[in-house]
Amino acid sequence: MEKSEIRINFTNDQNLIEPNADFLEHIIRTIIDEEFEPDNYEISLILVNDEKIKDINRAYRGIDSPTDVLSFSFLETDDDFEEEMLDLGEIYISTETILKQSTEWNNTPEQELYYMLIHGLLHICGYDHVNGKDEERKMFARQDAYFKRICG
């Protein structure tokens, strides 16, 4: 199977969780290789605090509260020129919210981070869970399958 060239821009703007960057990259590469045709891709993962994700959530979704993950897909832009790397988008994850959720779901903070990364990646890949129960079931089944297979 032909593999994609993937450039990952990772920014860690928080100090609560120090994830294994190599494992984050492994998750990203696995999903992109399975969900997209082989090509040259770029994606950004940004770990932030609740204040920053609340600002982004308010600015782009009109929701004045923090959330766990926000994904911005750049695949729908209408650029007419060929890029060296196709920018798939950006994923923001709040580690403060991840810490709270990890105790609620009985996960380690790292497991919850990986789960939300997979969730964000699936949004970038075009999956959604707000347009009906069938779409929601499909996305969450895919998310659970990736988590189980990649994160064990």
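Which of the three applies to the stretch 63-152, rounded, prolate or oblate, going by the alpha-carbon gyration tensor with a ≥ b ≥ c and a/c under 1.5 meaning rounded? It is prolate, given that a/c is not under 1.5 and a/b is the larger ratio. Angle of helix 109-124 to the longest C-alpha principal axis of the chain, folded into 0 to 90 degrees and rounded to 10: 40°.
Each Cα pair under 8 Å and six or more residues apart adds its separation to the average, and for the stretch 1-148 the resulting relative contact order is 23 percent.
A protection proxy built from the mean count of other Cβ atoms within 10 Å ranks the segments 119-129, 25-35, 134-144, most packed first, as 119-129, 25-35, 134-144. Listed values for the stretch 88-104 are Karplus-derived 3J(HN,Hα) couplings in whole Hz (6.51 cos²θ - 1.76 cosθ + 1.60, θ = phi - 60°), namely 6, x, 10, 10, 10, 10, 8, 6, 4, 5, 4, 4, 5, 5, 4, 6, 5, and x replaces Gly and Pro.
Karplus-based coupling profile of the stretch 38-44, in residue order and whole Hz: x, 6, 9, 10, 10, 8, 10, with θ = phi - 60° in 6.51 cos²θ - 1.76 cosθ + 1.60 and x standing for Gly or Pro. The computed semi-axes √(5λ) of the Cα gyration tensor in Å for the structure shown corresponds, within (i) 23, 18, 17; (ii) 32, 21, 13; (iii) 27, 17, 13, to (i).
How large is the charge dipole for the chain, taken about the Cα centre, if only the Cβ atoms of Lys, Arg (+1) and Asp, Glu (-1) carry charge, to the nearest 20 debye? Numbers along the way, then the final one.
On the way: 14 positive and 35 negative charges, 185 e Å.
So the magnitude is around 880 debye.
Per residue, the stretch 5-107 exposes 59 Å² of accessible surface when a 1.4 Å probe is rolled over the protein heavy atoms with every protein chain present.
I'd like the carbon and sulfur percentage of the solvent accessible area for the chain, probe radius 1.4 Å, heavy atoms only, ligands and nucleic acids excluded.
44
Database remark: amide H of L86 closer than 5 angstrom to the amide H of N40, Y41, E42 (H placed geometrically; neighbours at sequence offset of 5 or more, or on other chains; Pro and chain starts carry no H). So for the stretch 27-152, taking the charge dipole from beta-carbon charges (+1 Lys/Arg, -1 Asp/Glu), which of L122, N106, T95 sits furthest toward the positive end? Positive-most Cα among the choices belongs to N106.
The values are calculated or read from the model by the stated rules, or taken from the named source; none is laboratory data. No experiment lies behind these values; they were computed from the predicted model shown. FYI the Cβ positions are ideal-geometry reconstructions off the backbone, even for glycines, and counts take in every protein chain you see. Quick note on the areas: whole protein, heavy atoms, side chains included, nothing else; ligands and nucleic acids left out. Shrake-Rupley method; radii C 1.70, N 1.55, O 1.52, S 1.80 Å.
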